[in-house]
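> One structure follows; several queries about it will come next.
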Amino acid sequence: MINYTNRLDSAIKKAAWAHEQAGQHRKGTDIPYIIHPIGVMMIASNVTDDEDILIACLLHDVLEDVDSKIYDADKMREKFGDRVVSIVKDITKDQTKSDWYEIAKVYLDHLEFKACDEAVIVSAADKIHNLMSVLKDYDKIGDKLWDKFSTKSSADQLWWYQSILAVITKRNAPQNLVDKLSSQIETLKTKLS
């Protein structure tokens, strides 16, 4: 159960503001971006009530997707502390790489060998929420869905989610997150076959 504190409320507002300032919506839709971080937080809340982890869920895409002139790690640290920033940084993709596979492999390597345990929970919840959205969208628009992604390939997306599952399994993520992601991957495989 989520203990709704002023700090958590502040994180929701800051995440909503930052993504709005960046002009972001959910991929290929007009759905406000904040829906995703709140969904990630709700999924994570099934396995933890650690406020820093829940706040990191809300802010998990900010350092990666929002221009640092709008909101950066220093501002996040000032408001939410070192631990939240550390968790968020552990799941922030290295955007200096140009190739999607290279970015993915660096992310997977970091998640497997260097990221803190709390970041593994946030990453697992993030991928579960993303794949839930993918499955809903696939039911609506079929293979046109893959045009939203930089790789344009269902095989690439399947590889990505299977790779995340392998890493979170090795890292001993909470079993219900592992099971949920595994079940969604199986659903995706069935839809693609």
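> Look through Met41, Met1 and report the one residue that is crowded, with 23+ Cβ neighbours inside 10 Å and of a type outside the set (Gly, Ala, Ser).
Going through Met41, Met1 in turn, just one is crowded, with 23+ Cβ neighbours inside 10 Å and of a type outside the set (Gly, Ala, Ser): Met41.
> Is there a residue being under 21 Å from His36 (Cβ atoms) and over 15 Å from the mean Cα position of the chain (by Cα) anywhere in segment 118-131?
Checked against the condition, which is being under 21 Å from His36 (Cβ atoms) and over 15 Å from the mean Cα position of the chain (by Cα), segment 118-131 yields no hits at all.
> I need a count of the residues in segment 52-106 that are surrounded by 13 or more Cβ atoms within 10 Å (Cβ to Cβ), without any contact (Cβ under 8 Å) to a residue 12 or more places away in the chain and either of a type in the set (S, T, N, Q) or under 23 Å from Trp160 (Cα atoms) (or both).
Qualifying residue count, segment 52-106: 3.
> Further question: Can you spot a residue in segment 142-157 that is closer than 23 Å to Ile43 by Cα, touching a helix residue (DSSP H, G or I) at 6+ places or on another chain (Cβ under 9 Å) and either at pLDDT 95 or above or of a type outside the set (Val, Ile, Thr) (or both)?
Yes, some residue in segment 142-157 is closer than 23 Å to Ile43 by Cα, touching a helix residue (DSSP H, G or I) at 6+ places or on another chain (Cβ under 9 Å) and either at pLDDT 95 or above or of a type outside the set (Val, Ile, Thr) (or both).
> At least 1 residues that are over 21 Å from Ala22 (Cβ atoms) in each: list the helices (runs of 4 or more DSSP H) lying fully within segment 64-156 that qualify.
82-90, 100-113, 117-141
> Tell me, which helices (runs of 4 or more DSSP H) wholly within segment 1-59 include 1 or more residues that are of a type in the set (Lys, Arg)?
6-21
The values are calculated or read from the model by the stated rules, or taken from the named source; none is laboratory data. Predicted, not measured: the structure shown is a model, and the values here were computed from it. Note that we place each Cβ from the backbone using ideal geometry, even for glycine, and neighbour counts take in every protein chain shown.
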